[in-house]
Amino acid sequence: MIEDFREIFRIYAQYTGSGIVMILFFAGLIYTAVSIKKRSIQTVLVITSTVLLAVIFFPPGYELYDRFGGADSYWRLWWMMPIGLGLGYVGCDLIKDHRIAGFAVLMVVLLLGGEFVYTGEIEGLRSEAENAGQLPEDTIATVKLLRSVSDEKEIHAAFPGELLPYVRQYDADIIMPYGYETVRKDYPVKNEFFDVMSYEMTDFERLAELCSETGTRYLFIPEGYPAKHPFGHYGFRKVSVSSGYTLYEYRLLSE
């Protein structure tokens, strides 16, 4: 129970970052509970937030979520909190009843706590997006390379774990033999293809068998990974290198 509480508060601390937004939100809830008499507002902001907080900080609930959903995504429960709605309503209410004082308070809050708003970067934890899709550049480079060597609409390819979360966000017509869930340590079903792709000593013999079984034609292997045996012995050819990854084609599928 104590360990669950610690983990819940650790997740909360990671979610809140600098903490300024949540402090303002909790202050706004207190203000709403004391000063706003409309039942609809009380229900949407105060009652809903109170119930959600009770659920989020309830250790048995955390254990159930961890068992069936995975604790690594528990922080997403905070998305259900009406934070933006609550802050917006309280800010408008303050300005409506106390225009000068309310506006002054909001300006002070923005000036003192606006680093996250202005730069999108706090202590190096956030950085500006480098492309319109807000995806890692190495992912885009590998997918573009794949598209340049294949004219098929659907391309069957395998990627290392660090690229998995982003490939299909950029190109949904790339079919992989395993999904992002295989990266999770608590995922109950293991995938041999992903495990073999994760070896730092590339086993092209087993990869050839797995490619044949799953219909996978292309592999991206981190550049510099040694191989147990020459890749050419098992039907692979080296296509190109991009962003630290070597692209191999399993030729036996097309023969």
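The values are calculated or read from the model by the stated rules, or taken from the named source; none is laboratory data. All figures in this text were calculated on a predicted structure; none of them were measured in a lab. So basically every Cβ, Gly included, is an ideal-geometry build from the backbone, and we count neighbours across all protein chains shown. Each accessible area value is taken on the protein alone, full model and side chains, heavy atoms only, with ligands, DNA and RNA left out. Shrake-Rupley method; radii C 1.70, N 1.55, O 1.52, S 1.80 Å.
Here's the yes/no breakdown for (1) part of a helix (DSSP H, G or I); (2) open to solvent by less than 70 Å² (accessible area, probe 1.4 Å); (3) without any contact (Cβ under 8 Å) to a residue 40 or more places away in the chain:
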position: Val46; (1), (2), (3): yes, yes, yes
position: Val51; (1), (2), (3): yes, no, yes
position: Tyr62; (1), (2), (3): yes, yes, no
position: Tyr65; (1), (2), (3): yes, yes, yes
position: Tyr74; (1), (2), (3): yes, yes, no
position: Leu77; (1), (2), (3): yes, yes, yes
position: Gly86; (1), (2), (3): yes, yes, no
position: Tyr89; (1), (2), (3): yes, yes, no
position: Cys92; (1), (2), (3): yes, no, yes
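For the range 10-31, does any single residue satisfy the condition of being among the charged types (D, E, K, R) and assigned to a helix (DSSP H, G or I)? Within the range 10-31, one or more residues are among the charged types (D, E, K, R) and assigned to a helix (DSSP H, G or I). Of the set (1) under 28 Å from the mean Cα position of the chain (by Cα); (2) farther than 30 Å from Glu181 by Cα; (3) open to solvent by 90 Å² or more (accessible area, probe 1.4 Å), all apply to Val21 but (3).
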